[in-house]
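What follows is a short report on a single structure.
What follows is calculated from the coordinates using simple rules that are stated; it is not laboratory data. What you see is a predicted model; the values in this text were computed from it and never measured. Heads up, the Cβs are rebuilt from the backbone with ideal geometry, glycines too, and the neighbour counts pull from every protein chain shown.
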Amino acid sequence: MEKFRTINIDRKFIESNRDIVFNAWTSLWRDSFWEFYCDGDIDYDIPYLLGIVDHGVGYAVFDEDEIVALMFGSTEKFPKALSQEEVNFFKVVRNSYKKIAFLQELVVSPEYRGLGIGSMLCKRFIEYCSDKKFDAIILYTHIDSPSIWLYKQLGFDMVDTFYVTLDYPEGKIEPRSYFVKKIRS
């Protein structure tokens, strides 16, 4: 891990490195399990990422000058619920914990997977949330995502699985697993 450099990403960084962040974002997603999400629309993707960092935190991992991993977590708002099951899940979580963070995005370049980068980024976010006195972190991922083992290894408990109909790509039905990591009692 010493050869990699990790930085916090904020609005200023994204705005001053718009093309670099956008190119890394789209290439990482295109090489991921979730490639169908990435349509390469800078006018959508950059405001989306700015919205997360404005209400949370982002990290970039560099190998020399190349971004090889990105992670974004929201600490003030949840994503829009796409199904009644998601609405119910978010209600249960809100009733169970006072202060909740959402691990929103984690993507690592395929040639850098298995090196502990995803684990390091998640641990950094968990530590950030613990320092900020959050009670829990939630996340969801596709039920077949290879990252499920990572989340379980880091102490996230799978609490539900159901299908949602996505806005993008329009009408795509996605099976998701929902996880919670309790940080404080």
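Results, tabulated for the structure shown:
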quantity: Residue satisfying all of: in segment 116-173; in contact with a Phe, Trp or Tyr (Cβ under 6 Å, 6 or more places away or on another chain) and without any contact (Cβ under 8 Å) to a residue 24 or more places away in the chain; surrounded by the most Cβ atoms within 10 Å (Cβ to Cβ) among these; calculated: MET158
quantity: Matching residues, segment 115-138, being of a type outside the set (Phe, Trp, Tyr) and more than 21 Å from ILE67 (Cβ to Cβ); calculated: ILE126, GLU127, CYS129, SER130, ASP131, LYS132, LYS133, ASP135, ALA136, ILE137, ILE138
quantity: Subset tally (residues that are out of contact with any helix residue (DSSP H, G or I) (no Cβ under 7 Å at 6 or more places or on another chain), part of a helix (DSSP H, G or I) and not polar (S, T, N, Q)) for segment 4-26; calculated: 6
quantity: Every residue from segment 174-185 that is surrounded by 15 or more Cβ atoms within 10 Å (Cβ to Cβ) and outside any strand (DSSP E or B); calculated: ILE183
quantity: Every residue from segment 143-159 that is assigned to a helix (DSSP H, G or I) and either more than 19 Å from GLU127 (Cα to Cα) or touching a Leu at 6+ places or on another chain (Cβ under 6 Å) (or both); calculated: ILE148, TRP149
quantity: Residues of segment 40-53 that turn out to be part of a helix (DSSP H, G or I), loosely packed, with under 15 Cβ neighbours inside 10 Å, touching a residue at least 12 places away in the same chain (Cβ under 8 Å) and not aliphatic (A, V, I, L, M), as a count; calculated: 0
quantity: Candidate set from segment 72-91 (those that are surrounded by 14 or more Cβ atoms within 10 Å (Cβ to Cβ) and among the polar types (S, T, N, Q)); member that is nearest to GLY58 (Cα to Cα); calculated: SER74
quantity: Single match in PHE134, PHE90, PHE102 (criterion: assigned to a helix (DSSP H, G or I) and either farther than 19 Å from PHE4 by Cα or in contact with a Cys (Cβ under 9 Å, 6 or more places away or on another chain) (or both)); calculated: PHE90
quantity: Unique residue being surrounded by 14 or more Cβ atoms within 10 Å (Cβ to Cβ) and not β-branched (Val, Ile, Thr) when the list is ARG94, ARG113; calculated: ARG113
